[in-house]
Amino acid sequence: MADTRFPFFREWPPPAGAEDWASMYPYFTTAQPEGKDVEDARLWFADTMHWSRAVHPLDSIGAEAVYLGAGQSSARIFALPTSLGLDMRIVNGYVYISPTGVTDPDRINERLAHFQERAGYYYANWDILYSQWKDKMLELVKRMRAITFPALAEYEPLEVVTEARGRSTAWDLISGYHELIEEFFLAWQHHFEFLNLGYGGYITFFQTCKQFFPEITDQSVARMVAGVDVLAFRPDNELRGLARTAVDSGVADVIVEMRDPDAVAAALDATPAGRDWLAKLEKAKDPWFNYFAEYGFLHDQDTWLTDPKIPFDGIIRYIGMLREGEDITRDVDSLRDERDEIVDEYRSLLSPDEQAQFDEMLGLARNVFPFIEEHNIYVEHWTHSAFFDKIRELAKVVTDAGFLLDPEDIFYLNRFELDEALNDLVAAHAIGVAPRGAQKWQAEVERRRVIMSALRAAPALPALGTPPDEITDPFAIMNYGVTTDRIRDWLGAGGSDGDRLTGAAAAPGVVEGPARIILTEKDLPSLQPGEILVAPITAPSWGSGFSIAAAVVTDIGGMMCHAAIVCREYGLPAVVGTGFATSRITTGQRIRVDGGAGQVVLA
C-alpha cells in the first residue's frame, strides 16, 4: 500500500557525522519547534533545480534572497490573487520549498483588484519597463564589481587626514561587505519584478487556451510561444561563431588536437590566423563567458571563465559537426513556421470575438515570454559570478589575517557569522591586539567540513510533509513539475514503475537510443551523437550538448523550466520532472523517450 505522506522534517535522520547540521545556518532558515504543526501539515519539495547539492553555510544566502524576493513580489507588490510566494526551509543541508496560497474567495477578490491595477501597469508598459530593468541590472553588477576590500594597513593613507575624511579605510572592509550583501539581495528583488508577471502572462494565455480548447495539450500551448531569440542563447551562439571562424581560418586542427585551452592559446599565438582567433575568443569572454556551468547558486560551480575547458569542449563539438557537413545554426525559422501553423489551426476554430480575446492573450504571452528565459543571464550568471568573485577577494583578506587556513573556507561561515568575524578583525586591528576568534573560526570550519562532507554524500528526498489532495499552485507545476501525478509517483502510487518513468511532456518527438547520465556540465564531453541525455536538470549553458543529443530526460522541472523551454527551442524530444531518471537509468542502457506523452520506457 502506498504512503499518503512523506516524512516530516524530524523523521528524516541526518547522515552519520552531520547530526549538528542545523547549527551552520541562520536559525530562520531551519525548522523551529514552534512551527512543527504547520510544517507537518504542508508539502515541501526539494528545490534541487537551483541547489542540486547540500548548501554550504554562506551559499544559504541564495535561498534567503530568492524566496524573500519572490514573496515580496507575489504578496506585497503585485498582490497575486492566489499566491503569497514560497516558504523555505533548509533540511539536512538541502533547500525545500512550500507554496503559500490564498484560498478565501473574498480575499482573492480583494487581491485581484490590486493585481489588475498593478500588473496591468507593467503589462501596458512592458517594453519600456523591461528596457529600464536591463539597465538597472547592468548598473547593479557594475556597482558590485566596483566594491573593494582593502588590506588592513599599519597606518591609514595620508589622504584620510589631508581630506579630513574622519573615517578609517579599515571600515571599508565591513561597509564593503554590507554593500555586497545588499546588492545581492537587491538583485533578487529585481529578479522577481518581472518574473512572476511573466509567468502570469503565460498562465493567463494557457488558461485561455484550455477554456477555448479543452482537449489541447500543454505542449501545443507552449509551442505557440516558441521560436524566441533571447540573450540566453547568446553564449552558445558565441561558441558556434568561434567554431565557424576556426574552420574558415584553418586553426581548427590545433584546437581539436591539443584541446587544452592553455596549450591551444600558446600554439595559436604563433600565427596571424591564430592570433586573430584568440582575439575573437577574448572579445567573446566579457560578458558571455561569465556563465555558470550549472545554475550558479553554489560557490563550487564553475563558470566558463573559471574552467575554460567547458566552452572549449563546446567549440570542439561544433567544429566536429561542421566537418561532418552539418548546419550548426539553430533553426528558429522552422520553429516559428510550426508555431504559426499551430496558432492558425486553433484560431480558425474560434468566433471573431473569441479570436480577439485569443489574439490579445497570445500577444501578451509572447511579449512577456522572453524575460522568463532571459533574466537568468543578468541575475543567476552575471550577478552571481560577480558576487562570488567579490567574496573570494574578501576571503583573501580574512585568510591573511589568520581567521581561515584557506580562502575557500569562507563558505563554511554563514553571512551573519562572516559579519561577526569581520567586526572582530577590524576592532582588533584598530588597537593592535589579536582578534578574539581567529582560532575559533578555524576550528569551526574543520568541524563543519566533516558535516558538509556527510550531507553531500546523502541525496535529497524529493519531498517532505503532507501533500494536498491536488497540486494547484501554477508555479510549482509549470516551473518545478510538481504535479498531483508526480506526488503519487514519489509516494509509490503513480504510473511510474521499474520499466517506465512518467514526467511532463516538455517537447514533442519519439526517440530510442542509449542513455548517457550527465550529472554536471563537466560530464558533457562524454556525450556522443545520438545518445539520450539524462540529467537531474539541464542548464541553459548546455547548448552545445543539445546540438548532438537525441533527446533529453530530467529528474525535475515542468513545462516552463529552462530545460523544457530550451529543448523546445532546439527541437529536442524531452520528458522533464520524472523524479528518478538519474537513479533508475544507467549510461548505455537503451531507453525510449516519448516527448509527446511524457513517458520514458527502459529496455
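Here are some notes:
- Total residues in segment 476-499, condition open to solvent by 30 Å² or more (accessible area, probe 1.4 Å) and either at pLDDT 90 or above or at positive phi (or both): 1
- Considering Arg145, Arg165, the condition of being assigned to a helix (DSSP H, G or I), among the charged types (D, E, K, R) and surrounded by fewer than 19 Cβ atoms within 10 Å (Cβ to Cβ) is satisfied by Arg145 alone.
- Top-ranked residue in segment 245-265 [being touching a Lys or Arg at 6+ places or on another chain (Cβ under 9 Å) and not in a helix (DSSP H, G or I); ranked as modelled with the highest pLDDT]: Asp260
- Looking only at segment 322-336, and only at residues there that are part of a loop (DSSP other than H, G, I, E, B) and of a type in the set (Asp, Glu), the one that is farthest from the chain's Cα centre (by Cα): Glu324
- Long-range neighbours under 6 Å by Cβ, at least six apart or interchain, first residue closer than 12 Å to Val398 by Cβ within segment 420-437, second among the acidic types (Asp, Glu) and assigned to a helix (DSSP H, G or I): Pro435/Asp424; Gly437/Asp424
- 1 or more residues within 24 Å of Val379 (Cβ to Cβ) and hydroxyl-bearing (Ser, Thr, Tyr): qualifying strands (runs of 3 or more DSSP E) within segment 498-565: 551-554
- Residues being more than 30 Å from the chain's Cα centre (by Cα), open to solvent by 10 Å² or more (accessible area, probe 1.4 Å) and within 30 Å of Ile565 (Cβ to Cβ) - total across segment 231-281: 2
- Only residues that are part of a helix (DSSP H, G or I) and surrounded by fewer than 13 Cβ atoms within 10 Å (Cβ to Cβ) were counted across segment 424-446, and they come to 5.
- For segment 296-350, filtering for residues that are under 30 Å from Ile216 (Cβ atoms), touching a helix residue (DSSP H, G or I) at 6+ places or on another chain (Cβ under 8 Å) and modelled with pLDDT of 90 or more leaves 8.
- Conditions (1) within 27 Å of Pro529 (Cα to Cα); (2) open to solvent by less than 30 Å² (accessible area, probe 1.4 Å); (3) part of a loop (DSSP other than H, G, I, E, B); number of the one not met by Phe297: (1)
- Residue count for segment 443-466, restricted to those that are more than 18 Å from Ala18 (Cα to Cα) and either at pLDDT 95 or above or charged (D, E, K, R) (or both): 3.
- Reported count of residues in segment 364-396, each being over 19 Å from the mean Cα position of the chain (by Cα), surrounded by fewer than 18 Cβ atoms within 10 Å (Cβ to Cβ) and at pLDDT 95 or above, is 3.
- Screening Val160 against (1) buried (at least 19 other Cβ atoms within 10 Å of the Cβ); (2) in a helix (DSSP H, G or I) leaves a single unmet condition, (1).
- Leu350 being touching a residue at least 40 places away in the same chain (Cβ under 8 Å) and either assigned to a loop (DSSP other than H, G, I, E, B) or of a type in the set (Gly, Ala, Ser) (or both): yes
The values are calculated or read from the model by the stated rules, or taken from the named source; none is laboratory data. None of these values were measured; they are calculated from a predicted model. Quick reminder, even Gly has a Cβ in these numbers, built from the backbone with ideal geometry, and neighbours come from all protein chains shown. To get the accessible areas, we keep the full protein, side chains included, count just its heavy atoms, and leave off ligands, DNA and RNA. Shrake-Rupley method; radii C 1.70, N 1.55, O 1.52, S 1.80 Å.
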